[in-house]
Amino acid sequence: MKRFAIAADVIDTDALRAELQDGGNGGFCVFEGWVRNRNEGRAVDGLEYEAYAELAQSEGERILAEAGALHGVDDLCCVHRTGHLKVGELAVWIGAASAHRDEAFRACRYVIDALKHRLPVWKKEHYLEGDTAWVACHHAHGEHSRTFAPDYTRQTRLREVGTEGQARLAAARVLVLGAGGLGSPALTYLAGAGVGTLGIVDGDRLEASNLHRQTLYDARDVGLPKATLAARRLAALNPSVTLRTWTEPLHAGNAADVFADFDLVLECTDDMRNRYLSNDAAVVAGIPLILASVYQYEGQLQVVEAGGTPCLRCLWPREPAADAIGSCAANGVLGPTPGVLGAMQAMEALKILLDLPRPREPALLLVDLLQHDLRRLPIDPATGCAEHGGCAAVARKALAEAQRIGDVDRRFTRLDEAAAAGYRLVDVRDAEEIATHPADCATLHIPAAQIAERAAALGEDRCLLFCATGRRSRDAAERLRRQGRGETYSLLGGLAALDTERARTHS
Amino acid sequence: MTTLHLQYYAQLREQAGVGAERVTTEAASLGELYRELAQRHAFSLPADALKVAVNAQFSDWDRPLEDGDTVVFIPPVAGG
Ligand SMILES: [Zn+2]
């Protein structure tokens, strides 16, 4: 038997020992990790551990499975504490029982070494804005970060960078929205370059269909939150980078405030709504924004300067309808396409932070990777928002409107859970979609395109609209709210998010 | 009649089935040209959801067409 647990209370070692007793075992080896009275050279009277529970659980189970397979040991138990611990208290207990002592010793040693390097047990700091900073404690990457000295010589050798440029990077704070196909290369290069603080915002959990283009992740991580996974990977890549994570998407109420904590923002989501939100928040906060997006084999890149003009809305004033613009899920994408564009975003970010030469006239860059066509279309700042009071006024108005409508997204792991919570379920997908992928719950069916005309069918009930991805349902819910209907919500992530959740809990 | 070189991006390329084509048209403006093309290729996006550029410069839809113009239609894209 193999058992791994994270425990908030005192570890019952007798019970663990009893679990490992088996007539076939002739050797039993235990390792206990205790809290010392010194940490990083300073006297301490205790410690506080926090684990990212889901991640720690899966990583712990994986380590036990590896130790078992490697050393031929079947009976392994490990418990790691969280919470406040006093000096001398038991922080981690590992027991390995086997037919012979050698395997038991080796398996036990393997588990503690792997835990120290890989278990996501961190010192967690909470900020007022609702984000979380994971500061690696000595059990995770701290030990490594003390001995690891980053070597940036390959970039400091560049005349335009030098030690002064490196110091600028170390002082820089960059926020990356979306840790997917664009975010993977962008974050990797920025962490590698030694950007001092990286913020990561991603509300999604990893799906198997992400892996062909989202190079930060492993197959074994499917079902886990991407922001946390990305932070773990980047902490391993460059332990000197401070990482801040948001596992919920930003919204009109907090985006500009969060942006104000950073020097630069990269918009790497696959969500049109989010692109407009980032644009408006960056313009209002006066933070430069690097936008990129892809479609199949091509991409677009736009840098919105700190002054905010011209912006995304100067080109396309209004957000297009969710079903009009396509997506990676609906239209397909080849992995290197976001790879190229995300790397270009990292390049633009470094150019801005290091003040490298770059074209100063604003432009939209079109990249066609099939035909090797790279096209810069200059944007005239006198057109677009300038005709409607300027980018800042347009952005403030858009943010205020979004706040007035409010956040319609609601997260559920099952549809019947929402029904039990008193929501009337409304399927806004097309008839063919419902036929091929029926919802496993009784629902009303009104296609998104007809929601406004048929709103009366919803009565006064509190409604949860849903579709495949959560985009059409969000559009529809907002349309209803704009018409004055209250209590109208949208299932965040749509049915795809439920499937991910199901795969995770049943795996 | 004007002969133009056209380029399509994103779902326009997909719906047209080609990335570029040469057309001869009687359309007098970019707006008229797009209406003509939208019908021929069954484009799903309305003109006001697009940007259009002529000879590598963004342009208004009422711009008249000249022989040899290179016209590029660009929808916003959101993939990542
Ligand atoms: Zn603007």
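Mind counting the residues in the stretch A:311-341 that are over 25 Å from the mean Cα position of the chain (by Cα) and buried (at least 24 other Cβ atoms within 10 Å of the Cβ)?
2
Check off (1) buried (at least 21 other Cβ atoms within 10 Å of the Cβ); (2) within 12 Å of chain B (Cβ to nearest Cβ); (3) outside any loop (DSSP other than H, G, I, E, B); (4) of a type outside the set (D, E) for A:A346 and give me the number that stays unchecked.
Going through the list (1) buried (at least 21 other Cβ atoms within 10 Å of the Cβ); (2) within 12 Å of chain B (Cβ to nearest Cβ); (3) outside any loop (DSSP other than H, G, I, E, B); (4) of a type outside the set (D, E), A:A346 breaks only (2).
Within the stretch A:187-221, track down each residue that is in a loop (DSSP other than H, G, I, E, B) and under 25 Å from A:K116 (Cβ atoms).
Initially, the stretch A:187-221 is screened for residues in a loop (DSSP other than H, G, I, E, B), giving A:194-196, A:202-204, A:206-207, A:211-218.
A:G194, A:L206, A:L216, A:Y217, A:D218, listed by residue number.
Looking only at the stretch A:273-319, which residues are more than 11 Å from every other protein chain (Cβ to nearest Cβ) and acidic (D, E)?
Hits for the stretch A:273-319 are A:D280, A:E305.
Would you confirm whether or not the stretch A:188-198 contains a residue that is within 20 Å of A:S278 (Cβ to Cβ), modelled with pLDDT of 95 or more and within 13 Å of chain B (Cβ to nearest Cβ)?
Within the stretch A:188-198, not a single residue is within 20 Å of A:S278 (Cβ to Cβ), modelled with pLDDT of 95 or more and within 13 Å of chain B (Cβ to nearest Cβ).
Yes or no: the stretch B:55-62 includes at least one residue that is of a type outside the set (A, V, I, L, M), within 16 Å of B:G19 (Cα to Cα), more than 7 Å from chain A (Cβ to nearest Cβ) and open to solvent by less than 70 Å² (accessible area, probe 1.4 Å). Let's see the steps before the verdict.
So in the stretch B:55-62, the residues of a type outside the set (A, V, I, L, M) come out as B:55, B:57-62.
After this cut, where a residue has to be within 16 Å of B:G19 (Cα to Cα) as well, the list is none.
The answer is no; no qualifying residue exists.
Could we say that A:G23 is free of Cβ contacts under 8 Å to residues at least 24 places away in the same chain and not in a helix (DSSP H, G or I) here?
Numbers: free of Cβ contacts under 8 Å to residues at least 24 places away in the same chain: yes; not in a helix (DSSP H, G or I): yes.
Yes.
Is the stretch A:375-386 home to any residue that is over 16 Å from B:Y9 (Cα atoms) and more than 16 Å from the ligand (Cβ to nearest atom)?
Checking the stretch A:375-386: not a single residue is over 16 Å from B:Y9 (Cα atoms) and more than 16 Å from the ligand (Cβ to nearest atom).
Against the condition over 21 Å from A:L491 (Cα atoms) and either open to solvent by 10 Å² or more (accessible area, probe 1.4 Å) or more than 14 Å from chain B (Cβ to nearest Cβ) (or both), how does A:D270 come out, does it pass? Give the steps one after another, and end with the answer.
On the way: over 21 Å from A:L491 (Cα atoms): no; either open to solvent by 10 Å² or more (accessible area, probe 1.4 Å) or more than 14 Å from chain B (Cβ to nearest Cβ) (or both): yes.
So A:D270 does not fit the description; no.
Answer yes if at least one residue in the stretch A:281-289 is within 23 Å of the chain's Cα centre (by Cα) and away from the ligand (no atom under 16 Å from the Cβ), and no otherwise. First the steps, then the outcome.
The initial filter retains those residues of the stretch A:281-289 that are within 23 Å of the chain's Cα centre (by Cα), namely A:281-282, A:285, A:287-289.
Now narrow it down to the ones that are away from the ligand (no atom under 16 Å from the Cβ): none.
No, because not a single residue in the stretch A:281-289 is within 23 Å of the chain's Cα centre (by Cα) and away from the ligand (no atom under 16 Å from the Cβ).
Which numbered condition in (1) open to solvent by 80 Å² or more (accessible area, probe 1.4 Å); (2) in contact with a strand residue (DSSP E or B) (Cβ under 8 Å, 6 or more places away or on another chain) is the only one that A:E387 fails?
A:E387 satisfies every listed condition except (2).
Consider the stretch A:301-333. How many of its residues are touching a residue at least 60 places away in the same chain (Cβ under 8 Å) and away from the ligand (no atom under 16 Å from the Cβ)? Talk me through it step by step, then tell me what you get.
As a first pass, look at the stretch A:301-333 and keep what is touching a residue at least 60 places away in the same chain (Cβ under 8 Å): A:301-302, A:308-311, A:313-315, A:317, A:321-323, A:327-329, A:333.
Next, only the ones that are away from the ligand (no atom under 16 Å from the Cβ) stay: A:301, A:321-323, A:327-329, A:333.
Summing the residues that are touching a residue at least 60 places away in the same chain (Cβ under 8 Å) and away from the ligand (no atom under 16 Å from the Cβ) in the stretch A:301-333 gives 8.
For the subset of the stretch A:1-20 comprising residues that are of a type in the set (D, E, K, R) and assigned to a strand (DSSP E or B), which member is nearest to A:Y49 (Cα to Cα)? Give the steps one after another, and end with the answer.
Of the stretch A:1-20, the ones of a type in the set (D, E, K, R) are A:2-3, A:9, A:12, A:14, A:17, A:19.
From what is left, the residues that are assigned to a strand (DSSP E or B) are A:2-3.
Values: A:K2: 23, A:R3: 20 Å.
It comes out as A:R3.
For the stretch A:349-375, which positions are open to solvent by less than 30 Å² (accessible area, probe 1.4 Å) and farther than 29 Å from A:R173 by Cβ?
Within the stretch A:349-375, A:L366, A:D368 qualify.
Given the criterion within 14 Å of chain B (Cβ to nearest Cβ) and touching a residue at least 24 places away in the same chain (Cβ under 8 Å), identify the matching residue among A:L369, A:L374, A:L356. Steps first, please.
Values: A:L374 fails: touching a residue at least 24 places away in the same chain (Cβ under 8 Å); A:L356 fails: within 14 Å of chain B (Cβ to nearest Cβ).
Just one listed residue meets the conditions, A:L369.
Please verify whether A:A452 is exposed (fewer than 15 other Cβ atoms within 10 Å of the Cβ), more than 19 Å from A:E417 (Cβ to Cβ) and either in contact with a helix residue (DSSP H, G or I) (Cβ under 7 Å, 6 or more places away or on another chain) or modelled with pLDDT under 90 (or both), treating the condition exactly as stated. Let's see the steps before the verdict.
Values: exposed (fewer than 15 other Cβ atoms within 10 Å of the Cβ): yes; more than 19 Å from A:E417 (Cβ to Cβ): yes; either in contact with a helix residue (DSSP H, G or I) (Cβ under 7 Å, 6 or more places away or on another chain) or modelled with pLDDT under 90 (or both): yes.
Spelling it out, A:A452 is indeed exposed (fewer than 15 other Cβ atoms within 10 Å of the Cβ), more than 19 Å from A:E417 (Cβ to Cβ) and either in contact with a helix residue (DSSP H, G or I) (Cβ under 7 Å, 6 or more places away or on another chain) or modelled with pLDDT under 90 (or both).
For the stretch A:387-397, what are the residues that are within 10 Å of the ligand (Cβ to nearest atom) and either closer than 15 Å to A:A282 by Cβ or among the aliphatic types (A, V, I, L, M) (or both)?
Correct list: A:G390, A:C391, A:A392, A:A393, A:V394, A:A395.
Quick one: which of A:A231, A:A260 is under 26 Å from A:R168 (Cα atoms), crowded, with 24+ Cβ neighbours inside 10 Å and of a type in the set (A, V, I, L, M)? Quick ask: steps written out before the conclusion?
Numbers: A:A260 fails: crowded, with 24+ Cβ neighbours inside 10 Å.
When all the criteria are applied, what remains is A:A231.
For the structure I just gave you, tell me whether A:R233 is in a helix (DSSP H, G or I), under 15 Å from A:G180 (Cα atoms) and either within 12 Å of chain B (Cβ to nearest Cβ) or within 16 Å of the ligand (Cβ to nearest atom) (or both). Full working, then the answer.
Values: in a helix (DSSP H, G or I): yes; under 15 Å from A:G180 (Cα atoms): yes; either within 12 Å of chain B (Cβ to nearest Cβ) or within 16 Å of the ligand (Cβ to nearest atom) (or both): no.
Criteria not met by A:R233.
Quick check on the stretch A:1-12: of everything there that is open to solvent by 40 Å² or more (accessible area, probe 1.4 Å) and at pLDDT 90 or above, which residue is nearest to A:D102 (Cα to Cα)?
If we take residues in the stretch A:1-12 being open to solvent by 40 Å² or more (accessible area, probe 1.4 Å) and at pLDDT 90 or above, then A:R3 is nearest to A:D102 (Cα to Cα).
Only one of (1) farther than 30 Å from A:E478 by Cα; (2) in a helix (DSSP H, G or I); (3) within 16 Å of the ligand (Cβ to nearest atom) is not met by A:E361, so which one is it?
A:E361 satisfies all of (1) farther than 30 Å from A:E478 by Cα; (2) in a helix (DSSP H, G or I); (3) within 16 Å of the ligand (Cβ to nearest atom) except (2).
Output the residues belonging to the stretch A:13-57 that are exposed (fewer than 14 other Cβ atoms within 10 Å of the Cβ) and among the small types (G, A, S).
The answer is A:A15, A:A18, A:G23, A:G24, A:G26, A:G41, A:A43, A:G46, A:A53.
Could you please give the count of residues in the stretch A:377-387 that are within 12 Å of another protein chain (Cβ to nearest Cβ), assigned to a helix (DSSP H, G or I) and touching a residue at least 60 places away in the same chain (Cβ under 8 Å)? Step through it out loud before you land on a result.
As a first pass, look at the stretch A:377-387 and keep what is within 12 Å of another protein chain (Cβ to nearest Cβ): A:377-384, A:387.
From the residues that got through so far, the ones that are assigned to a helix (DSSP H, G or I) too are A:384, A:387.
Imposing the further condition that a residue be touching a residue at least 60 places away in the same chain (Cβ under 8 Å) reduces the set to A:384.
The total comes to 1.
The values are calculated or read from the model by the stated rules, or taken from the named source; none is laboratory data. As the structure is a computational prediction, the values presented were derived from the model and not from experiment. Glycine also receives a Cβ, built like all others from the backbone with ideal geometry; neighbour counts cover every protein chain displayed. The protein model used for the area step is the full one, side chains on, heavy atoms only, and it has no ligands, DNA or RNA in it. Shrake-Rupley method; radii C 1.70, N 1.55, O 1.52, S 1.80 Å.
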